[in-house]
Amino acid sequence: MEDCIFCKIARGESLSYRIYEDDKIMAILDLYPINPGHVLLMPKRHVETLAELDREELTGLAILLQKLVKAVKKSLNPEGLNMMINQGEAAGQVVPHFHWHIIPRNSGDKVRIEAHRLRPSDEEFRDVQARIRETLDS
């Protein structure tokens with residue numbers, strides 16, 4: 001996509017601090033990090049959602065995710081890590097190009113990921129369970 005900032009980075013047209021790059025995948029430092037060492041992992045090809053990734057891209061991303069997690073842990077020694085995908089504007093996706101966040105965390109870092117928790121009835125659980133199962137392989 002012509003105007004996508006991550007596509008521009010992949011083409012070398014915008015500033016980035018690359019951690020890893022091959023012909024299909026790149027990992028960069030987030031220019032607006034939640035904490036130091038906040039990494040973004042993404043395919044170079046423009047896709048907006050995880051479902052649009054091909055098997056090779058998804059496999060490569062998953063393997064690199066594990067390597068990046070180990071590298072961030074070893075090099076920065078955070079107490080914990082968040083690994084997140086925000087898909088869609090309602091979920092907080094700011095750039096509509098699939099990317100995985102790897103965020104180093106420490107006690108007292110003032111980062112809070114909070115959500116209101118529901119208390120579904122057994123009937124509501126069974127309804128959602130059936131709906132997802134029915135469409136799982138379609």
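The values are calculated or read from the model by the stated rules, or taken from the named source; none is laboratory data. Since we're looking at a predicted model, the values are computed, not measured. Cβ: placed from backbone, ideal geometry, glycine included. Neighbour counts: every protein chain shown.
Filter the stretch 4-30 down to residues that are of a type outside the set (S, T, N, Q), touching a strand residue (DSSP E or B) at 6+ places or on another chain (Cβ under 9 Å), farther than 13 Å from residue 100 by Cβ and free of Cβ contacts under 8 Å to residues at least 24 places away in the same chain, then give me how many there are.
Residues that pass the stated criteria total 5.
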Residue list for the stretch 11-32, filter: farther than 18 Å from residue 65 by Cβ and of a type in the set (A, V, I, L, M, F, W, C) = 15, 31
Got at least one residue in the stretch 76-85 being exposed (fewer than 15 other Cβ atoms within 10 Å of the Cβ) and touching a Gly at 6+ places or on another chain (Cβ under 8 Å)?
-> yes
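Would you call residue 21 surrounded by 12 or more Cβ atoms within 10 Å (Cβ to Cβ), within 20 Å of residue 3 (Cα to Cα) and either of a type in the set (Gly, Ala, Ser) or modelled with pLDDT of 95 or more (or both)? Quick ask: steps written out before the conclusion?
Values: surrounded by 12 or more Cβ atoms within 10 Å (Cβ to Cβ): yes; within 20 Å of residue 3 (Cα to Cα): no; either of a type in the set (Gly, Ala, Ser) or modelled with pLDDT of 95 or more (or both): yes.
Against the criterion (surrounded by 12 or more Cβ atoms within 10 Å (Cβ to Cβ), within 20 Å of residue 3 (Cα to Cα) and either of a type in the set (Gly, Ala, Ser) or modelled with pLDDT of 95 or more (or both)), residue 21 does not qualify.
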Hey, among 111, 128, which residue is of a type in the set (A, V, I, L, M, F, W, C), surrounded by 10 or more Cβ atoms within 10 Å (Cβ to Cβ) and under 23 Å from the mean Cα position of the chain (by Cα)?
-> 111
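Report the residue count in the stretch 1-15 for those that are buried (at least 18 other Cβ atoms within 10 Å of the Cβ) and more than 17 Å from residue 53 (Cβ to Cβ).
Narrowing the stretch 1-15 to residues buried (at least 18 other Cβ atoms within 10 Å of the Cβ): 6-7, 9-10.
Those still in the list that are more than 17 Å from residue 53 (Cβ to Cβ) too: 9.
Final tally of qualifying residues: 1.
Considering only the stretch 33-43, I want to know if a residue exists there that is surrounded by fewer than 16 Cβ atoms within 10 Å (Cβ to Cβ), at pLDDT 95 or above, at negative phi and under 15 Å from the mean Cα position of the chain (by Cα). Don't jump to the end; show me each part of the working.
Step one: list which residues in the stretch 33-43 are surrounded by fewer than 16 Cβ atoms within 10 Å (Cβ to Cβ), which gives 33, 36.
Still in the list and also at pLDDT 95 or above: 33, 36.
If we keep only those that are at negative phi as well, we get 33, 36.
If we keep only those that are under 15 Å from the mean Cα position of the chain (by Cα) as well, we get 33.
Yes, there is a match, as at least one residue in the stretch 33-43 is surrounded by fewer than 16 Cβ atoms within 10 Å (Cβ to Cβ), at pLDDT 95 or above, at negative phi and under 15 Å from the mean Cα position of the chain (by Cα).
Looking at the stretch 45-53, can you tell me whether even one residue there is charged (D, E, K, R), within 22 Å of residue 11 (Cα to Cα) and over 13 Å from the mean Cα position of the chain (by Cα)?
Let us first name the residues in the stretch 45-53 that are charged (D, E, K, R), namely 45, 48, 52.
Still in the list and also within 22 Å of residue 11 (Cα to Cα): 45, 48, 52.
Right, trim to over 13 Å from the mean Cα position of the chain (by Cα) and you get 45, 52.
Yes, the stretch 45-53 has at least one match.
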Selection from the stretch 86-107 of residues crowded, with 18+ Cβ neighbours inside 10 Å and part of a loop (DSSP other than H, G, I, E, B) yields 97, 98, 99
Out of (1) among the charged types (D, E, K, R); (2) assigned to a helix (DSSP H, G or I); (3) within 19 Å of residue 5 (Cβ to Cβ), what's the single condition that is false for residue 73?
-> (3)
Residue count, the stretch 1-58 (criterion: among the small types (Gly, Ala, Ser) and part of a strand (DSSP E or B)) = 1
